[in-house]
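Asks: Below are the structure tokens for one structure; questions will follow.
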Amino acid sequence: MSQMIVTEVQTTFSPEELQEVSGLPAEIFNEIKDLGALDEFLDHGRYVSRSFVVISKAARLRRTFDLQSDALALLIHYMAEADALKDKIRHYQLGNINPYL
């Protein structure tokens, strides 16, 4: 019988570190933070690693479509929701692996 080992590396960012690596200007970053768009990524005062992926994509979309802060906050919220759903699907798929089917 084979075994699967799943590992995940978690990194956290301070607000300053996340703003720096996100590519967003400090003013925009602070606006979306004040709007609560990043609250779901907070864990004990630091941002979890998946926040980097979401906010980097959002920063790229902001530049492409010239989005305002409120639209960017909404985009980040829905991107985070989509990522959470993808994680649940992956979890259920891994739990239902049967090598004999």
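Asks: Give the residues of the range 58-77 that are in a helix (DSSP H, G or I) and open to solvent by 80 Å² or more (accessible area, probe 1.4 Å), sorted by residue number.
Replies: R60, R63, T64, F65, D70, L74
Asks: Separate question: Pick out the one residue from Q93, Q10 that is at pLDDT below 95 and assigned to a loop (DSSP other than H, G, I, E, B).
Replies: Residue meeting the stated conditions: Q10.
Asks: Right, here's the next one. Would you check if there is a residue in the range 43-56 being part of a helix (DSSP H, G or I), under 17 Å from the mean Cα position of the chain (by Cα) and of a type in the set (D, E)?
Replies: no
Asks: Can you confirm whether A84 is surrounded by 16 or more Cβ atoms within 10 Å (Cβ to Cβ) and at pLDDT below 95?
Replies: The answer is no for A84.
Asks: Checking D34 against (1) closer than 21 Å to T11 by Cα; (2) more than 14 Å from the chain's Cα centre (by Cα): exactly one of these is not met. Which one?
Replies: It fails just one condition, (1).
Asks: Another question about this same structure. Being out of contact with any helix residue (DSSP H, G or I) (no Cβ under 8 Å at 6 or more places or on another chain) and at pLDDT below 95 narrows it down to one residue among E40, E17; which is it?
Replies: None of the other options fit; the residue is E17.
The values are calculated or read from the model by the stated rules, or taken from the named source; none is laboratory data. What you are looking at is a predicted structure, and each value in this text was computed from that prediction instead of being measured. In this analysis, Cβ positions are derived from the backbone assuming ideal geometry, glycine residues included, and neighbour counts consider all displayed protein chains. Ligands, DNA and RNA are excluded from the accessible area calculation, which covers all protein heavy atoms including side chains. Shrake-Rupley method; radii C 1.70, N 1.55, O 1.52, S 1.80 Å.
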